Amino acid sequence: MGRVYNFSAGPSMLPEEVLKRASEEMLDYAQSGQSVMEMSHRSKQFASIIEDAERLVRQNMNIPNDYEVLFLQGGASLQFTMIPMNFLNKSKKADITLTGAWAQKAFEEINRFGTAIVQGSSKDKKFSYLPPINGVTPDADYFHITYNNTIEGTQYHSLPDTGKVPLVADISSGVLSEPLDLTKFDLVYAGAQKNLGPAGVTLVIIKKEFLEKAPDAKDLPPMLSFKLMAEHKSLYNTPPCYSIYIFKLIQEWIIEMGGVDVLYQKNQKKAQLLYDYLDSSPFFYNPVNKEDRSLMNVPFITRIEDPEKAEEVNKTFVKQAEAVGLVNLAGHRSVGGMRASIYNAMPLAGVEKLIDFMHDFEKKYI
Ligand code: PMP
């Protein structure tokens, strides 16, 4: 079978060039006679992989020198826990905007260690928009946002002004899709399996001044201490070596593509094409507030009113799309409908093929 266009929200498509390079290097990485998978994480070859991964992501994301870059495990989900564990340490209050299912999880974990104060929620309309913030708790330890809501398809296009309260963001599904001014944040984190590589590694970028506020390493379980992980340059234990290696290849690919600015233009073109089509379709539509639309995750539903009939048509759509090599178009199980995730590795041709398919599909129903 030829390669398909994979619209999954994650793990998602990786650039073919990266996969080819990895396959060429599979049996013998840099004349070591070994695969990266077999290599000691203390070897000089792996040391240079992880150093390059950091150097290149610093270049691609324009990460300031006063920020630490960490490669952790446990996915973005562990960050929901680890961040309150480390940073709810003064007032034990954190502000949060409730903008989707992942924000909800972050909210629950804050409440495990302290108090989450909801400063805006869009739960009333199925998280289909981004709420303005009600305010900022002056003594909050931090303010958490979900930058891009993968399931619901919304994204912050301007950041809430949190004044002196440190801004913390889950950027899992937005990372490297567009330029991001990191100086606005004290901490950002992202699971890798969207724009960064295979699952297994989690990128965390922390302002050093903020990191200072975390408890000393001895006061937390080692794997849950940001300070310990930073002291050990993410090599306290065996890191997810192969994921970090692919992460490095992705960073090289981004540079070859012309950098994040170029990817951003391509992403805008892809998203625009899809949203324009949805806005003009008599059959499908995007249920999200226009100003808050995500660049990476585009949910869509049909105008069929009967829920049973709609569900049946959704299933048919997903199945028929799959048959022509457009895979993973089902919406998240919690919201239903369809969703096209169009991360960096999705070519324009994939989006064009999807639109052609949708065009043909709708004809049968209108
Ligand atoms: N946050 C967001 C915005 C996500 O999209 C996801 C996963 N899709 C998660 C958190 C959870 O990530 P993980 O599976 O890496 O724990």
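The values are calculated or read from the model by the stated rules, or taken from the named source; none is laboratory data. Just so we're clear, the structure is a prediction, and the values are computed from it rather than from any experiment. Methodologically, a virtual Cβ is constructed for each residue, glycine included, from the backbone with ideal geometry; neighbour enumeration extends over all protein chains shown.
Values for this structure:
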read-out: When residues of segment 84-106 are limited to those that are surrounded by 19 or more Cβ atoms within 10 Å (Cβ to Cβ) and within 12 Å of the ligand (Cβ to nearest atom), the one farthest from T150 (Cα to Cα); value: A106
read-out: Single match in S158, S172 (criterion: within 16 Å of the ligand (Cβ to nearest atom) and modelled with pLDDT of 95 or more); value: S172
read-out: Test: residue in segment 123-146 that is in the same structural domain as L72 (by TED's automatic domain parsing) and free of Cβ contacts under 8 Å to residues at least 12 places away in the same chain; value: yes
read-out: Some residue of segment 188-198 being modelled with pLDDT of 95 or more, β-branched (V, I, T) and within 16 Å of the ligand (Cβ to nearest atom); value: yes
read-out: Members of segment 130-147 that are closer than 26 Å to N289 by Cα and surrounded by 19 or more Cβ atoms within 10 Å (Cβ to Cβ); value: L130, P131, F143, H144, I145, T146, Y147
read-out: Checking V4 against (1) touching a strand residue (DSSP E or B) at 6+ places or on another chain (Cβ under 6 Å); (2) more than 21 Å from F247 (Cα to Cα); (3) assigned by TED's automatic domain parsing to the domain that holds N149, the condition it does not meet; value: (3)
read-out: Some residue of segment 292-303 being more than 20 Å from the chain's Cα centre (by Cα) and of a type outside the set (S, T, Y); value: yes
read-out: Only one of E51, E17, E24 that is under 19 Å from E256 (Cβ atoms) and free of Cβ contacts under 8 Å to residues at least 12 places away in the same chain; value: E24
read-out: Lone unmet requirement of (1) surrounded by fewer than 16 Cβ atoms within 10 Å (Cβ to Cβ); (2) outside any helix (DSSP H, G or I) for K269; value: (2)
read-out: Test: P179 is in a loop (DSSP other than H, G, I, E, B), away from the ligand (no atom under 16 Å from the Cβ), modelled with pLDDT of 95 or more and within 15 Å of the chain's Cα centre (by Cα); value: yes
read-out: Pairs, first in the same structural domain as F80 (by TED's automatic domain parsing) in segment 213-232, second assigned to a helix (DSSP H, G or I) and charged (D, E, K, R), C-beta under 8 Å, six or more apart; value: A214/K227; P215/K227; D216/K227; A217/K227; A217/E231; S225/D219
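Conditions (1) in contact with a Lys or Arg (Cβ under 8 Å, 6 or more places away or on another chain); (2) under 30 Å from P132 (Cβ atoms); (3) free of Cβ contacts under 8 Å to residues at least 40 places away in the same chain, marked per residue:
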site	(1), (2), (3)
L273	no, yes, no
P287	yes, yes, no
S294	no, yes, no
I304	no, no, no
E308	no, no, yes
N314	no, no, yes
L354	no, no, no
I366	no, no, no
